[in-house]
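Everything below concerns the one structure shown next.
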Amino acid sequence: MVDTAMTDAASKGSGALGAATAEGFARVTDAILDAVGSVIDGKPDAVRSALVCFLAEGHLLIEDVPGVGKTMLARALATSVDATVRRIQFTPDLLPGDVTGVSVFNPVEREFEFKPGAIFANIVIADEINRSSPKTQSALLEAMEERQVTVDGRTHFVPEPFLVVATQNPLEMEGTYALPEAQRDRFMMRISMGYPDPRSEALMLRQRDTVNPLDELTPVVSAEEVGTLVAWARAVHVAPAIEDYAVALAQATRTHSDLRLGASPRATLQLVRAAKVWAALDGRAFVIPDDITALLAPVFAHRLIPTRAAGGARGSSAADAIATILERIAASVRVPIAARQ
């Protein structure tokens, strides 16, 4: 469980952070990564990204073909932290009330009672989110940004911690509704699981023929203790030069001639928040430029729209164009260098 040194440090703030605390955070999160990794074979980067979103209080969009473990990843993460998880299958007939909840009249009490929807869980799996209408997709917006839902003028808060893991198939476009920019901007990161390597796939065949790996998974920390990890990650130090570096990268996307939509201020904020967790996972209480550049594509790419001359509309060509543009931006923006003592 989370050690007392880490708990004390989180309660006192950044002034109490030290090497021992950084090691304690890394030790606990390594245990979570190992637990989830035992279920998701050969995908350490995807597992790490999911944990970064969870501890940075963001949300994750997984865009990939069916059957590569998108839903399994979310369920494994929820089990490893002893959190509640609910899965919403987004279909064309799904209504906003199915997501947020509805008010139902109680004839005994002679008043309306709120019946919570599926959004009220620590980890919510929004499966094939682009198969529902924009009206239903928008039911997630308030919960993802403000961690609350408003029904009939009353505000209801979602449980903490809270993470939305949405999935969509990038290949099958028939009967789908592309996520609008406002919806995509709510997601801290977009990743792709990809196919497993031959060795991991063969291991999966042998191990899962008789047992479900989720049944063997035990919680590493409780949902309440995750709050301590979140608080510690928030206190990770970010030097002004690193903040200026993140802003410069975002500004470069807004002025780039090949982009007609650059990164929003929310993207800059989430880039720094994710970098704090990324640094903490490495056992550091401070962010370095490599943390920012490592997360640049997962945090920025899904928010950018290239011009037609650069990559056309959405699709694989647009994704390739955006990846190339971000590489050029990262190479052109000056990296801060620490002054020698």
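The values are calculated or read from the model by the stated rules, or taken from the named source; none is laboratory data. As the structure is a prediction and not an experimental result, all values here were calculated from the model. Reconstructed Cβ throughout: ideal geometry from the backbone, glycine too, with neighbour counts over all protein chains shown. Ligands, DNA and RNA are stripped out before the accessible areas are found, and what is left, the full protein with its side chains, is counted by its heavy atoms. Shrake-Rupley method; radii C 1.70, N 1.55, O 1.52, S 1.80 Å.
Some points to look at:
- Taking amide H as placed 1.01 Å from N in the peptide plane, VAL151 has its amide H under 5 Å from the amide H of HIS156, each at least 5 places away in sequence or on another chain.
- Evaluated with a Cβ-only charge set (Lys, Arg +1; Asp, Glu -1), region 95-230 carries a dipole of roughly 180 debye about its Cα centre, given to the nearest 20.
- For the chain, accessible area per residue (1.4 Å probe, heavy atoms of protein chains only), Å²: 48 Å²
- Taken about its Cα centre, the chain carries a charge dipole of roughly 900 debye when the Cβ of each Lys and Arg holds +1 and the Cβ of each Asp and Glu holds -1.
- Difference of contour (0.36 nm per residue) and Cα-Cα distance, ASP215 to ASP197: 4.1 nm
- Shape of region 128-220 from the C-alpha gyration tensor: oblate (a/c of 1.5 or more and a/b not above b/c, with a ≥ b ≥ c the square roots of its eigenvalues).
- Length gained when the stretch ALA294-ALA331 is fully extended (0.36 nm per residue, less Cα-Cα span): 12.0 nm
- Lys/Arg +1, Asp/Glu -1 at C-beta; region 28-158 dipole; positive extreme among ALA35, ILE125, PHE105: PHE105
- At most 14 other Cβ within 10 Å, DSSP loop - GluC sites (Glu not before Pro), region 119-188: GLU172, GLU174
- At R0 = 30 Å, FRET efficiency that the Cβ-Cβ distance of ARG254 and SER103 yields, to 0.05: 0.10
- Leading residue at positive end of dipole, the chain (Cβ point charges), from ALA248, PHE157, THR293: ALA248
- Segment THR155-ALA26, extension gain: residue separation times 0.36 nm, minus the distance between their alpha carbons: 42.8 nm
- Charged neighbours of VAL102, selected by a Cβ distance under 14 Å, balance to -1 (K, R count +1; D, E count -1).
- Rounded to whole numbers, the Karplus 3J(HN,Hα) couplings from phi for region 132-137 are 9, 5, x, 4, 6, 4 Hz, using 6.51 cos²θ - 1.76 cosθ + 1.60 with θ = phi - 60°, and x at Gly and Pro.
- Debye intensity ratio in log₁₀ form over the Cα atoms of the chain, taken at each q of 0.11 Å⁻¹: -0.77
- The candidates PHE120, PHE112, arranged from most to least accessible area with a 1.4 Å probe in the full protein assembly, appear as PHE112, PHE120.
- Each other residue within a Cβ distance under 9 Å of PRO306 adds +1 if Lys or Arg and -1 if Asp or Glu, for a net charge of +1.
- Under 14 Å, Cβ to Cβ, from THR84 - net charge with Lys/Arg +1 and Asp/Glu -1: 0
- Note, ³J(HN,Hα) from phi for region 260-274, Karplus 6.51, -1.76, 1.60, rounded to Hz, x at Gly and Pro: 9, 9, x, 6, 7, x, 4, 5, 4, 4, 6, 4, 5, 4, 5
- Computed [θ] at 222 nm, helices only, for the chain once each DSSP H run of length n ≥ 4 contributes -39500 (n - 2.57): -14000 deg cm²/dmol
- Distance between modelled label sites at SER133 and SER317, nm, 7 Å Cα→Cβ extension: 3.2 nm
- Dipole of region 164-271 [Lys/Arg +1, Asp/Glu -1 at C-beta], most positive-end residue of VAL236, ALA202, THR268: THR268
- Relative contact order (percent, whole number), the chain, Cα cutoff 8 Å, 6+ residue spacing: 22 percent
- Remark on HIS256: its backbone amide H falls under 5 Å from none of the residues 5 or more positions apart or on other chains, H modelled at 1.01 Å from N.
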